[in-house]
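The next block holds one structure in the form of C-alpha cells; read it before the comments.
No value in this document is a laboratory result; all are computed from the given coordinates. Model, not experiment: these values are computed from the prediction. So basically every Cβ, Gly included, is an ideal-geometry build from the backbone, and we count neighbours across all protein chains shown.
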Amino acid sequence: MSFKNYQHPRRVIPATISVIVAVLLVIGCAYLISDRFLDPQIKTTEQAEHSTTGTVVRRAGARLAPTQPKLSVEPAAPKTEQPADHPAPELAPS
C-alpha cells in the first residue's frame, strides 16, 4: 500500500460553508437584539388607548391614566460637602 496516489480532501468547500453559516448566524443574532439599540416608543395616554396596549388594558378590566409628574430629586441649592479627609467640626471626636 502506497500513499502516493492519496488525494488530500478539499477543505475549501467546508470552510466556505462554515463561514457563510457563521455570517448568517451573526446577522440573525444582530437582528434579534436590534430593538435594544433603539429608543423605546413612549406613547401618550391617548395614543396608548387606541393601540394594542389599550385593547389589552380594557380586556383586563383596568384603565389607562397619565403618569404623575416626577418629583424633583435635587434641592434648589445643593449643599456643600466637606472633603473625606477633613470632617466637619461638629462631627470631629472631642
Q: Give me the distance in nm between label points sitting 7 Å out from Cα along the Cα-to-Cβ direction at GLN7 and PHE37, one decimal.
A: 4.4 nm
Q: Evaluate the charge dipole of segment 10-61 about its Cα centre and quote only its size in Debye, nearest 20, assuming +1 on the Cβ of each Lys and Arg and -1 on the Cβ of each Asp and Glu.
A: 380 debye
